[in-house]
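Structure first, commentary second.
The values are calculated or read from the model by the stated rules, or taken from the named source; none is laboratory data. No experiment lies behind these values; they were computed from the predicted model shown. Glycine also receives a Cβ, built like all others from the backbone with ideal geometry; neighbour counts cover every protein chain displayed. Quick note on the areas: whole protein, heavy atoms, side chains included, nothing else; ligands and nucleic acids left out. Shrake-Rupley method; radii C 1.70, N 1.55, O 1.52, S 1.80 Å.
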Amino acid sequence: ANGALMMHQDAAIYGGNLRKGDTHNLDLRGDAYVLAAAGKFSVNDVTLNAGDGAATFAEASLRISAQEDSELLVIEVPRPATI
């Protein structure tokens, strides 16, 4: 309704801006998808540029370090149950 995004998932969505040289650590309880809206930054030593995305699985945390002023979005979802 009214252009809203409907998600049928227990997700946490984080967004933010980092200045060049900033580093941020994000502890995870689930898996995550990282979207690079602008700039250039690394996530656990993998470099992302504007327009890139990366999925993480079974990581305890993300270490995000900006090589340029950057804008990003992190979507965290529960890990699948194991049998």
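List of remarks:
- Sequence of Arg29, Arg19 from largest to smallest accessible area, 1.4 Å probe: Arg29, Arg19
- Looking at segment 2-83, the accessible area is 68 square angstrom per residue; that uses a 1.4 Å probe and ignores ligands, DNA and RNA.
- Less than 5 angstrom separates the built amide H of Asp52 from those of Ala36, all sequence-distant by 5 or more or on a different chain.
- The fraction of accessible area contributed by carbon and sulfur in segment 18-82 is 49 percent, rounded to a whole number (1.4 Å probe; ligands and nucleic acids excluded).
- Peptides ranked, highest mean first, by Cβ atoms within 10 Å: ranges 20-26, 74-80: 74-80, 20-26
- Highest to lowest packing among 33-43, 8-18, scored as the average C-beta count within 10 Å: 33-43, 8-18
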